[in-house]
Amino acid sequence: MKPVSYQLLIDAVTRKGQGTRNEDRLVVFPEERLFGVIDGVSGIQVPLDDEGRTAGELAARTVAQPWASAVTDPDRSSRPLDLLVRTSLQANERLNGIMLEQGIDLSRKERRFGAVHAFVLLDETRAHWVQTGDCMIYAVYETGQIRTITHDRVEYYDSRALETWQQNDEAWLKHERPDEVQAMLANNRTHANSNPGYSVLNGDPAVEWHMEYGSIALQGMTHLLLVTDGLYPWHLDDRQRTTEAWIQYVVHSGIGQSLAVLEANERQDEHCNQIPRFKMSDDKTGILLTLAQT
């Protein structure tokens, strides 16, 4: 395959949502062309460590750490996909050790904390990727076509809980989470790294068989977009009616502007009645890579 000659332009932003801490993380190594977004997932109980970090924040930081060593690994060029998978599993193992140190009952999945992630590693001909949970990767081509690289396997479980919540008119209008919905969310955790279920880096070695990875050719590609679930289309905006339209909007507006507009829309929908969601404003992280052909 003929190598693609390109200059890589990077637009990367992470911002805290309504919580006290940002449980997202960015990983950006421009020279090595390694990029990732991480979304921490607290357990049903949200303990704080000695530094005031939530479990989700601790998990996101833990998952981010091994990538600094990965970029110096000799397999980075010869076996890039193996490197992505191996580093993800190393992060998962570190999480397991932290939870054991904290005395968390790992036999109960809802007690585990963890993180979901999406990473890409580019070479001269391909984009290699790895993903868990609901972090997403999209590719845009010079023809205007948009390709969804990853699949959100968390959305099915979240949507069922949201639908149940909306059936309770009083609780939904006030955005007060009823016990029934809280129980559903706890039960959703039991589907982590299970079949059926979804993938998450939560210390469970079974994630090896549930996370997804692959590689795609760079030919004709103009952009790659990586996002956590806090950065999403505001479908009430005519420019974002569909996911494809939203991606084009992000490409033309940039991550920072897209994020700012989304936050403004969320503040005007405090109780989440216009766009159903669990909280007014989640942490937001995105990376837009532009492949400028040279």
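Assorted remarks:
- When ARG33 is tested against (1) surrounded by 15 or more Cβ atoms within 10 Å (Cβ to Cβ); (2) modelled with pLDDT under 95; (3) of a type outside the set (Val, Ile, Thr), just one condition goes unmet, and that condition is (2).
- For region 166-209, a tally of residues being assigned to a helix (DSSP H, G or I) and of a type in the set (Phe, Trp, Tyr) returns 2.
- When residues of region 123-139 are limited to those that are open to solvent by 10 Å² or more (accessible area, probe 1.4 Å) and over 19 Å from TRP209 (Cα atoms), the one nearest to the chain's Cα centre (by Cα): TYR138
- Region 88-102, residues that are open to solvent by 40 Å² or more (accessible area, probe 1.4 Å) and within 14 Å of PRO66 (Cα to Cα): LEU89, GLN90, GLU93, ARG94
- Taken over region 252-294, the criterion of being assigned to a loop (DSSP other than H, G, I, E, B) and within 22 Å of VAL37 (Cα to Cα) is satisfied by GLY254, ARG277, PHE278, LYS279, MET280, SER281, ASP282, ASP283.
- Every residue from region 150-165 that is open to solvent by 70 Å² or more (accessible area, probe 1.4 Å) and either at positive phi or assigned to a helix (DSSP H, G or I) (or both): GLU155, TYR156, ARG160, GLU163
- Residue among TYR232, TYR249 that alone is part of a loop (DSSP other than H, G, I, E, B) and hydroxyl-bearing (Ser, Thr, Tyr): TYR232
- Search result, residues across region 221-269 that are without any contact (Cβ under 8 Å) to a residue 24 or more places away in the chain, in contact with a Phe, Trp or Tyr (Cβ under 8 Å, 6 or more places away or on another chain) and open to solvent by 30 Å² or more (accessible area, probe 1.4 Å): ARG239
The values are calculated or read from the model by the stated rules, or taken from the named source; none is laboratory data. This one's a predicted model, so the numbers in the text were calculated from it and none came from an experiment. As a convention, Cβ positions derive from the backbone with ideal geometry for all residues, glycine included, and neighbour counts pool all protein chains shown. Side chains included, ligands, DNA and RNA excluded: accessible areas come from the protein's heavy atoms. Shrake-Rupley method; radii C 1.70, N 1.55, O 1.52, S 1.80 Å.
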